[in-house]
1. Report ³J(HN,Hα) in whole Hz for each residue of segment B:76-92, in order, from the Karplus equation J = 6.51 cos²θ - 1.76 cosθ + 1.60 where θ = phi - 60°; Gly and Pro get x.
2. Relative to the first principal axis of the alpha-carbon coordinates of chain B, what is the inclination of helix B:196-208, with its axis defined by its Cα atoms, in degrees from 0 to 90 and to the nearest 10?
3. Where Lys and Arg each count +1 and Asp and Glu each count -1, what net charge lies around B:Leu221 among other residues with Cβ under 13 Å from its Cβ?
4. Treating only the Cβ of Lys, Arg, Asp and Glu as charged (+1, +1, -1, -1), what charge dipole size does segment A:1-82 show about its Cα centre? Round to the nearest 20 debye.
5. Largest first, please: the extent of the C-alpha atoms of segment A:98-179 along each principal axis, to the nearest Å.
6. Got a sec? How would B:Val121, B:Val91 order by Cβ neighbour count within 10 Å, fewest to most?
7. Quick one: putting +1 on the C-beta of Lys and Arg, -1 on the C-beta of Asp and Glu, what dipole do you get for segment B:1-154 around its Cα centre, in Debye to the nearest 20?
8. At q = 0.10, 0.17 Å⁻¹, what log₁₀ I(q)/I(0) does segment B:107-241 have when each alpha carbon counts as one equal point scatterer in the Debye sum?
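What follows is calculated from the coordinates using simple rules that are stated; it is not laboratory data. From a predicted model like this one, the values you see are computed outputs, not experimental measurements. Because the Cβ atoms are built from the backbone with ideal geometry, glycine has one as well, and the counts that use them run over all protein chains shown.
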2 protein chains.
Amino acid sequence: MALKPVARRLVPEDVFDQLLGEVVDGGLAAGDSLPSERRLAEVLGVSRPAVREALQRLSQAKLIDVRHGGSTTVRDFRTSAGLDLLPRLLVRDGELDPRVGRSILQARQSIAPAVAAQAAVSAGPAAARALRGAVTQLEQATDSEARQHAALGFWDAVVDAADSIVFRLLFNSLRLAYEPAIAALGPVMGAEVDNLDGYRALADAVAAGEATAAHAAADELLRPATEALGSLMALLEPGKP
Amino acid sequence: MALKPVARRLVPEDVFDQLLGEVVDGGLAAGDSLPSERRLAEVLGVSRPAVREALQRLSQAKLIDVRHGGSTTVRDFRTSAGLDLLPRLLVRDGELDPRVGRSILQARQSIAPAVAAQAAVSAGPAAARALRGAVTQLEQATDSEARQHAALGFWDAVVDAADSIVFRLLFNSLRLAYEPAIAALGPVMGAEVDNLDGYRALADAVAAGEATAAHAAADELLRPATEALGSLMALLEPGKP
DNA sequence: TCTCAGGTACTGGTCTTACCACTTGACCAC
DNA sequence: GTGGTCAAGTGGTAAGACCAGTACCTGAGA
């Protein structure tokens, strides 16, 4: 019996999602003016504070520009939004955007080896222990989804070992985008998380402080999935703009 | 007579900043409970909606956990916050945190070459033109600060050429952290933005589609500043934890 | 006819108050 | 122990009012 928590839609959250959708889908183009708070509240059938909360959140995400006394306008999210917008771009209306997914895997392929190399430089005994523990977790995971979660835990340990606040926050942002998509990504990532030798090699290199080896191990570990999704995308969108 | 615009503190913004400071400075540890909204409003002398807006923004930044009916608790921002928090961490109380700054330059050193390489792969004629225009801007900038802004414009063009939504949002996040610190970073970055040959070499490599050369050019361009700040930090904090 | 000061209508910013919905914990009956 | 009930406290939402800043139009003066 698989029960799941009931989804409770909060009003400002709903308003936020609706406006966000309009902005990222282009229904509201950059430079457009939004209706006034009172008008929005009336149209949506909610109170003004609810609209206000949603607008403030959009403003914090750099998606709109609110000016006291003037009208609030839509910004170009591609040039202003930060990485925290990524989860909202990857899964839209419950569906994965394959172009965003490919971009994530490409970025991962570029960045993860660098993180691994830095982890090898700064890792102490405690970090090495944590890394080995993560490998054990990975070995004990039974199904593919559990292994994907364990793999996230492994990379979490690598990022910890790297001891970099930027890499840490960057990892958090990417994980936030990745986690909701784990089930959908199972087929693509299955081979990668089954490659236990790859994880062991990476963990050993980091623990031994061998930056070059760690870099290479991470690159090898991730490359198959990156290339698999890359060629898959090339098939799906032959005439990419 | 040098007048400057009066700082218009908006109430929710002020509340947000105060609570944010408590969270990142450890005055409120992870797991701690915040006072109720009514209590906070009373203590701070503002209305509840104002407090609410601030709390919602903290919640969106993944810094607190708000539960209907229960108390709102502080989360561990190191494991939950996204990269959009970076600007707030880099400059705190008007001062730069050198450890965060060093982390940013290290991450830049790791990531930028990868972006340059991908730009070389995907750049079309338009992107190459934009890149050359950015170099021209850089050549025409007179003082150091203008050159730093022009350098940002150059990297903006590189990121555009890479045609990756993740790299684009990542760049936006880093730029948002970097821009307020430009004046303070002048001494460290001066030599880098004076290295016009380095930018030209990188632009040429990207325009020519030579990924390996672009990677190397970007690495060379950024390395001096990275190492300069790295050794500076090593001096400042000999017993880094 | 042009220019610009002033008014006016509309926008976001803030507060107050009230009520609803949910969680918690204590108490009580079974 | 188990489950039900209730009260108190919390966040969620709404309505209305007023303050503060902006955009625009209007009319007097040049």
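1. 7, 5, 5, 9, 10, 5, x, 5, 5, 7, 3, x, 6, 7, 5, 10, 10
2. For helix B:196-208, the angle is close to 80 degrees.
3. Values: positive: B:Arg108, B:Arg200, B:Arg223; negative: B:Glu192, B:Asp194, B:Asp197, B:Asp204, B:Asp219, B:Glu220, B:Glu227.
Combined, the nearby Lys, Arg, Asp and Glu give -4.
4. Numbers: 12 positive and 11 negative charges, 50 e Å.
Taking the Cα centre of segment A:1-82 as origin, the dipole is about 240 debye.
5. Extents along the principal axes: 40, 32, 17 Å.
6. In order of increasing Cβ crowding within 10 Å: B:Val121, B:Val91.
7. Details: 20 positive and 18 negative charges, 77 e Å.
Here the size comes out at about 360 debye.
8. -0.31, -0.88
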